[in-house]
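Since the structure comes first, as structure tokens, the remarks are kept for the end.
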Amino acid sequence: MKLPPLKALPVFEAVARLNSFSRAADELAVSQSAVSHQIRLLESYLGEDLFTRQGRYLALTEPGRHYLDGVTNALLQIERASEQLQGKPDTQLRMALFSSFAVRWLIPNLPYLQRQHPELDLQLEMMNESPQLSDRVADCFITLHNDHRGFTTDLLYTERLFPICSRAYWQQLCSDLYQEGLIETPEPVSIDPGLLMRCPLLSTFSIFGEQKDDWRRWLAESGLNLHPTTRFQHFSHMLLALEAARHHQGLALTNDYMYNASEDPDLIRLPCHTLITGDRFYFAFKTSRRQEAGIQMVRQWIRQRAASTGLLNAIQEP
């Protein structure tokens, strides 16, 4: 078996993770010159530069990035195998996921996980986009991708959009429409989507990547086009649009994990159709780690919780 300089591998991982020779030296309790020596040994063995250095700036090269994934996975496997032999439970787990899903669904449901598995130590890493599936990033993930080689995925949610507004705003809108003879009762069980274009529409352009596109697509489900006089307010994130709706500024489109009727009494879901966006959220983990206790606990719990809260079956109209 031909192996690289083994002492250099944890040094390389630390430098890459911390993006610094000096911080890696502090973490490993060695001198900076010792860190530099180990990196030079490894680069000489591989015949590749692992880092580019421009003054104080340090970055992984392309070969370095590929090598880091393999080295990190190998070191983690050695660590887990050693802990198992020592009888240490593998119940420490890192989960990477979207910030909105973490804040609006996972964190409110975490007390149920903690009561069911008090021995589990779950660390959350919030991301602005779908996280990279790699042991270097986390042990398990909430992701939009289900086709990554070597990973198992469980469907949690198929996203759909529907309009909401504050309860006070809805009551005033219905009163105005009723007085104008546009609805038959002051509390309609359904409403013509076209009537909503008289209201300010709160648009989240990050959903589809273009301003107004969320409302344009939602209205198109009913065969409608945006009216040129409709007023819009634009937001980069659905959380911001929800807060604007909560403060009576207009109508927003949201999804099932962002809106909970029992936890948002000041917001009301309008009696209209939904739009399936095409995004699907999955719980993902490396298939080779499927027998680990921590992953089994979280996998079983999150699937059960997604089903019991209605998230998993939200594709079916209520």
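The values are calculated or read from the model by the stated rules, or taken from the named source; none is laboratory data. Please read these numbers as outputs of a predicted model, since none were measured by experiment. Cβ coordinates were reconstructed from backbone atoms using ideal geometry, including for glycine residues, and neighbour counts include every protein chain displayed.
In the set Ala284, Ala261, which member is surrounded by 15 or more Cβ atoms within 10 Å (Cβ to Cβ) and of a type outside the set (S, T, N, Q)? Answer to the check: Ala284.
Search region 133-185 for residues being touching a residue at least 60 places away in the same chain (Cβ under 8 Å) and among the acidic types (Asp, Glu), and hand back the single one that is surrounded by the fewest Cβ atoms within 10 Å (Cβ to Cβ). That would be Asp154. Taking the numbered list (1) closer than 30 Å to Thr153 by Cβ; (2) modelled with pLDDT of 90 or more; (3) surrounded by fewer than 17 Cβ atoms within 10 Å (Cβ to Cβ) in turn, Ser44 passes all entries but (1).
Quick check: is even one residue across region 148-164 over 30 Å from Arg303 (Cα atoms), under 34 Å from the mean Cα position of the chain (by Cα) and among the hydrophobic types (A, V, I, L, M, F, W, C)?
First pass over region 148-164, keeping only residues over 30 Å from Arg303 (Cα atoms): none.
No, region 148-164 has no match at all.
Taking region 5-58 as the region of interest, the helices (runs of 4 or more DSSP H) fully inside it that hold 3 or more residues being among the hydrophobic types (A, V, I, L, M, F, W, C) and either within 31 Å of the chain's Cα centre (by Cα) or in the same structural domain as Ser134 (by TED's automatic domain parsing) (or both) are 8-18. Checked against (1) within 21 Å of Tyr259 (Cβ to Cβ); (2) part of a loop (DSSP other than H, G, I, E, B), Phe101 meets all criteria but (2). Here are the criteria: (1) in a loop (DSSP other than H, G, I, E, B); (2) more than 30 Å from Arg280 (Cα to Cα). Tell me which single one Ser206 does not satisfy. With (1) in a loop (DSSP other than H, G, I, E, B); (2) more than 30 Å from Arg280 (Cα to Cα) applied to Ser206, the lone miss is (2).
For region 133-167, enumerate the residues that are part of a loop (DSSP other than H, G, I, E, B) and either touching a Ser or Thr at 6+ places or on another chain (Cβ under 9 Å) or of a type in the set (D, E, K, R) (or both). Even if it seems obvious, please write down each step before you answer.
Quick first cut of region 133-167, residues part of a loop (DSSP other than H, G, I, E, B) only: 133-139, 144-150.
Correct list: Leu133, Ser134, Asp135, Arg136, Asp139, Leu144, His145, Asn146, Asp147, Arg149, Gly150.
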